[in-house]
Amino acid sequence: MVSPAVLAGRLRECDRLLPRPDSFRSPDRLTVPWAEFCDPGGPWLGRCIDEWQQRGGFRHRRAGIVLVAFRFGWLACCATVPEQHLGVPGPALSGLRAVITEEGRLSGLRPDPDRPRLADEQQWWTDLRAAFTPLAAALRELGGPPADSHEYWGNPVGSIGTVLWRLQRAGMPGDAVGTARRLRAATGAEHLLDIDERRSPWTRRRTCCQWWRKRGGGYCDECVLWNSGSRAPA
């Protein structure tokens with residue numbers, strides 16, 4: 001039995017290792033309701049895509065669009081997966097606010113602290129899926145792949161493994177691989193995340209975040225292109 005004080009200390013360590021909601025509590029940061037951020041006719045989402053396009057110097061707009069989905073998947077898993085791993089109720093993504101930089105980039109997620117917290121993995125995925133669905137639909141409307149495309153959904157599913165691998169590498173106690181398998185199963189999209197304990201890293205995405213297309217952008221350690229003939233050294 002782990003004491004509440006020890007659990008609180010482990011969550012603080014997760015806050016230090018990952019971009020978690022408590023990293024974005026400054027009152028000076030611009031936040032907007034999640035539905036407003038996802039509005040394809042609003043000022044935020046298109047600007048966020050444009051910012052990724054400019055950062056990457058991409059020729060094809062699809063790269064910037066998919067990177068918005070990647071950013072959300074990463075931030076959402078950072079905000080919620082550590083609690084699932086540590087066995088404590090995690091923040092609900094309903095009532096979510098997006099934290100936005102001056103350039104228009106999605107820099108963080110701020111869940112509503114007054115919403116009921118989620119306990120099991122099925123609740124966790126239902127909640128994350130509900131937040132991601134309007135984003136995928138809006139990205140489609142702005143010229144991206146279909147809303148159910150694996151190019152979008154591979155990001156929140158693949159980020160499960162990335163978060164847990166980083167926590168394991170930092171020495172966080174617990175069976176990180178077991179948690180990854182359990183959460184992957186809850187998504188119903190197990191084909192989007194490859195897990196093999198004999199490999200380092202043991203997690204591998206099954207879709208591409210597109211950042212490798214940037215000149216000098218390099219590859220993630222868990223990149224789906226790990227054995228691609230076109231892959232250049234990082």
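Within segment 152-162, not a single residue is at pLDDT 95 or above and either more than 13 Å from the chain's Cα centre (by Cα) or more than 27 Å from residue 225 (Cβ to Cβ) (or both). For residue 70, indicate whether it is surrounded by 23 or more Cβ atoms within 10 Å (Cβ to Cβ), touching a strand residue (DSSP E or B) at 6+ places or on another chain (Cβ under 6 Å), under 19 Å from residue 159 (Cβ atoms) and not polar (S, T, N, Q). No. From the list 126, 101, the lone residue that is in contact with a strand residue (DSSP E or B) (Cβ under 7 Å, 6 or more places away or on another chain), farther than 15 Å from residue 78 by Cβ and of a type in the set (Ser, Thr, Tyr) is 101. Scanning segment 59-67 turns up no residue that is closer than 20 Å to residue 15 by Cα, surrounded by 22 or more Cβ atoms within 10 Å (Cβ to Cβ) and either under 15 Å from the mean Cα position of the chain (by Cα) or not small (Gly, Ala, Ser) (or both). For segment 138-146, the criterion of being in a helix (DSSP H, G or I), of a type in the set (Lys, Arg) and closer than 23 Å to residue 196 by Cβ is met by no residue.
Within segment 181-194, none of the residues are small (Gly, Ala, Ser) and crowded, with 22+ Cβ neighbours inside 10 Å.
For segment 170-183, check the following and say yes or no: at least one residue is at pLDDT 95 or above, touching a strand residue (DSSP E or B) at 6+ places or on another chain (Cβ under 7 Å) and within 30 Å of residue 61 (Cα to Cα).
No, segment 170-183 has no match at all.
The values are calculated or read from the model by the stated rules, or taken from the named source; none is laboratory data. Only a predicted model underlies this, so the values are computations on that prediction, with no experimental measurement involved. Cβ: placed from backbone, ideal geometry, glycine included. Neighbour counts: every protein chain shown.
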